[in-house]
Amino acid sequence: MKTMWHKGGFLVVFVLVNCLVFSQNVPDITWSETFKLSWNDFKDQPDPDTDVVAITASGLTFHYAIQKENDEIIGFSTEVKTSFYPEKSWVKSERANAHILSHEQLHFDITELHARKFRQQLSKLKVSKNLVETLDSIHYQIQTDLKLMQNVYDMETDFSRDIKAQAHWEQLVQEELLKLSGFKS
């Protein structure tokens, strides 16, 4: 009888910039109900060639391990983590305010919402011969849904400028997080 663990990992990052190289100087921030971002958490240099005031880089880290016996899957474990990446997030301090910070916080919260949706789906999985493909499929769908929701959020709030839409999104995301509180980080 041969037992082995196969480890796999995926990184899904919502970043509004096209660079995914992370420095090791500042640790990532894990999402928590009690932690709120401050402008001090935004460590990257702002892009002087854009009107954008701030960029939030956040994402989901997904790892899984598959236990096999005689080439048959007999068990698995998963881990999903929501992170904020300080060294890829930036702000133009002279134009920053509390309202814009709330907008950026909600990007981080939307990432956590998708982590909870992901954990909920993973909790329903059963061992099967197609487990790896199923994990990959769920991961891909969550990644797609996360990116879409982040984009819709920015469009509907006009990147925080529509105060009424911003308030609507804050309420919506908080309600959804509450519904999935059993799957929080």
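The values are calculated or read from the model by the stated rules, or taken from the named source; none is laboratory data. The structure presented is a predicted model; accordingly, all values stated were derived computationally and were not measured. As a convention, Cβ positions derive from the backbone with ideal geometry for all residues, glycine included, and neighbour counts pool all protein chains shown. All accessible areas refer to the heavy atoms of the entire protein, side chains included, with ligands and DNA or RNA removed. Shrake-Rupley method; radii C 1.70, N 1.55, O 1.52, S 1.80 Å.
Enumerate by residue number the trypsin sites (Lys or Arg not before Pro) in the stretch 17-104 meeting two conditions: DSSP loop (anything except H, G, I, E, B), and at most 13 other Cβ atoms within 10 Å of the site's Cβ.
K36
Rounded to a whole number, what is D in µm²/s for the stretch 66-106 from Stokes-Einstein with the Kirkwood radius over alpha-carbon pairs (10 °C, 1.306 mPa s)?
So the translational diffusion coefficient is about 111 µm²/s.
Taking Rh as the Kirkwood radius computed over C-alpha pairs, what is the Stokes-Einstein D of the stretch 49-123 at 4 °C in a medium of viscosity 1.567 mPa s, expressed in µm² per second?
After rounding, the answer is 87 µm²/s.
Can you tell me the FRET efficiency between D162 and S77 if r is taken as the Cβ-Cβ distance and R0 is 41 Å, rounded to the nearest 0.05?
Rounded to the nearest 0.05, the efficiency is 0.45.
Please report the net charge: other residues with Cβ closer than 13 Å to the Cβ of Q141, K and R +1, D and E -1.
For residues surrounding Q141, the net value is -1.
Straight-line reach from K92: which lysines fall under 23 Å, measuring Cα to Cα and dropping same-chain residues less than 8 apart?
Qualifying lysines at Cα under 23 Å: K36, K43.
How big is the charge dipole of the stretch 36-78 about its Cα centre, in debye rounded to the nearest 20, if each Lys and Arg gets +1 on its Cβ and each Asp and Glu gets -1 on its Cβ?
240
Relative to the compact-globule scaling 2.2 N^0.38 Å, provide the ratio for the alpha-carbon radius of gyration of the stretch 132-185.
Relative to the rule-of-thumb radius for its length, the stretch 132-185 sits at 1.39.
Roughly how much of Y153 is accessible, in Å² to the nearest 10, using a 1.4 Å probe?
Roughly 0 Å² of Y153 is accessible to a 1.4 Å probe.
In whole percent, and with a 1.4 Å probe on the protein chains, what portion of the accessible area of the chain is carbon and sulfur?
51
Can you tell me which lysines have their Cα less than 24 Å from the Cα of K124? Leave out same-chain residues fewer than eight positions away.
Correct list for K124: K7, K68, K81, K147, K179, K184.
Residues of the chain: accessible area per residue at 1.4 Å, in Å²?
Value returned for the chain: 57 Å² of accessible area per residue.
Name the helices (complete DSSP H segments) of the chain with a Cα length along the long axis of 18 Å or more and a Kyte-Doolittle mean of at least -0.5, or state none.
What comes out of the filter, once short or polar helices are dropped, is 131-157.
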